[in-house]
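Okay, structure first, notes after.
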Amino acid sequence: YLEHNTPKPHAVDTRHPMAASNVLLVHVTHYNRLMWDNGSTPTMVIEHSVAIDPNATYRGTLERGVTVVNGMQKRPRITGYDLFLQAKEQIPLDAIGMQTEEFGGLGDVPYRSLHRRMAEYRFLFSPIRYTSLPLAVIEAMTIGMPIVALATTELPTVIEQGKSGFLSCDPDELQDNMRFLLTHPEEARRMGQYAREVARTRFGLERFIQDWNAAFARVLS
């Protein structure tokens with residue numbers, strides 16, 4: 001059974017529907033496996049991978065940040081919609097994703113065009129408070145983009161402070177980090193290159209296939 005999500009409604013007291021069942025329960029982050037009450041069910045973690053056009057590489061020429069989240073205003077606390085709006089008052093930011101046009105964003109961008117569009121921006125801002133590791137973060141890292149994000153859930157194990165981006169639970173500090181990237185394009189590029197190398201190793205397709213083959217072998221044995 002593949003579980004993509006963080007536990008809800010309670011972060012630590014939610015019993016997984018597959019708990020105490022005779023299946024292999026696969027989580028997509030170590031945080032998720034830790035927080036779900038899995039009971040006696042055997043578990044393992046297989047992190048995400050993404051397939052991206054290799055021609056989509058970071059340029060960072062647009063002196064703006066971008067947030068990529070679908071339907072932010074429909075799930076405001078979880079997605080950090082309020083944090084995005086607060087930051088947007090101080091920092092040049094755009095939003096991409098379904099229904100973002102309702103609050104001045106760019107709306108849905110076809111997936112085949114998304115990563116080239118993202119690559120023009122200086123950094124990715126992920127304001128999400130509570131989620132599995134966002135695919136937009138992995139995609140941005142893969143194209144060589146620095147990340148600015150909340151230091152919550154799995155992200156502190158992915159983003160290295162000052163190397164591949166910036167993490168904090170202080171929104172004001174994150175805004176300072178955004179200003180730094182906007183005024184230091186070479187540092188942004190350096191961080192993005194580091195992020196790309198991390199993504200190639202940690203979220204590469206070869207590792208993903210190996211992990212799933214190991215899961216299938218474990219079940220079949």
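No lab work stands behind these numbers, since they all come straight from the coordinates. Everything numeric in this text was worked out from a predicted model, so none of it was measured. Backbone-built Cβ (ideal geometry, glycine too); neighbour counts: all protein chains shown.
Label-to-label distance, ASP13 versus ARG116, with points set 7 angstrom from Cα along the beta-carbon direction: 5.1 nm. The modelled label-to-label distance between ASP170 and ASN213, using points 7 Å beyond Cα along the C-beta direction, is 4.7 nm.
Positive contributions from Lys and Arg (+1) and negative ones from Asp and Glu (-1), summed over other residues with Cβ under 13 Å from the Cβ of TYR121, come out at +2. Taking label points 7 Å from Cα along the Cα-to-Cβ direction, ASN70 and GLN193 give a separation of 3.5 nm. When Rg and the Kirkwood radius Rh are both evaluated on Cα atoms of region 1-44, their ratio Rg/Rh stands at 0.90. Taking a straight Cα-Cα cut-off under 30 Å and skipping sequence neighbours fewer than 8 places away in the same chain, the lysines within cross-link reach of LYS163 are LYS88. What net charge do the residues around VAL66 carry, taking every other residue with its C-beta under 12 Å from that of VAL66, with Lys and Arg at +1 and Asp and Glu at -1? Every neighbour counted, the sum reads 0.
Placing +1 on the Cβ of every Lys and Arg and -1 on the Cβ of every Asp and Glu, with no other charges, gives region 62-202 a dipole of roughly 460 debye about its Cα centre. Taking +1 at the Cβ of each Lys and Arg and -1 at the Cβ of each Asp and Glu, which of TRP212, ILE46, ALA188 sits farthest along the dipole of the chain towards its positive end, judged by Cα position relative to the Cα centre? So the residue we want is TRP212.
One quarter of the convex hull surface built on the alpha carbon atoms of region 151-221 amounts to 5.7 nm², the projected area averaged over directions. Using only side-chain charges placed at the Cβ, +1 for Lys and Arg and -1 for Asp and Glu, the dipole size of region 1-93 relative to its Cα centre rounds to 200 debye.
Dividing the mean sequence gap of close Cα pairs (under 8 Å, 6+ apart) by how many residues the chain holds gives a relative contact order of 19 percent. Annotation: amide H of GLY97 within the under-5 Å range of LEU106, GLY107, ASP108, VAL109, sequence separation 5 or more or interchain, hydrogens built in the peptide plane. Note down the net charge around ARG200, summing +1 for each Lys or Arg and -1 for each Asp or Glu among other residues with Cβ under 14 Å from its Cβ. With Lys, Arg at +1 and Asp, Glu at -1, the neighbours total -1. In order along region 149-161, the phi-based Karplus estimate (6.51 cos²θ - 1.76 cosθ + 1.60, θ = phi - 60°) of 3J(HN,Hα) comes to 7, 5, 7, 10, 6, 7, 4, x, 8, 10, 8, 9, 4 Hz; Gly and Pro are listed as x. Measuring nothing but how far apart in sequence close Cα pairs (under 8 Å, 6+ apart) lie, relative to its length, region 29-135 scores a relative contact order of 35 percent. Remark on THR6: its backbone amide H falls under 5 Å from those of SER132, a criterion applied only to residues 5 or more positions apart or on other chains, H modelled at 1.01 Å from N. Each principal axis of the Cα cloud of the chain was evaluated for its coordinate range; sorted largest first, these ranges are 54, 34, 31 Å.
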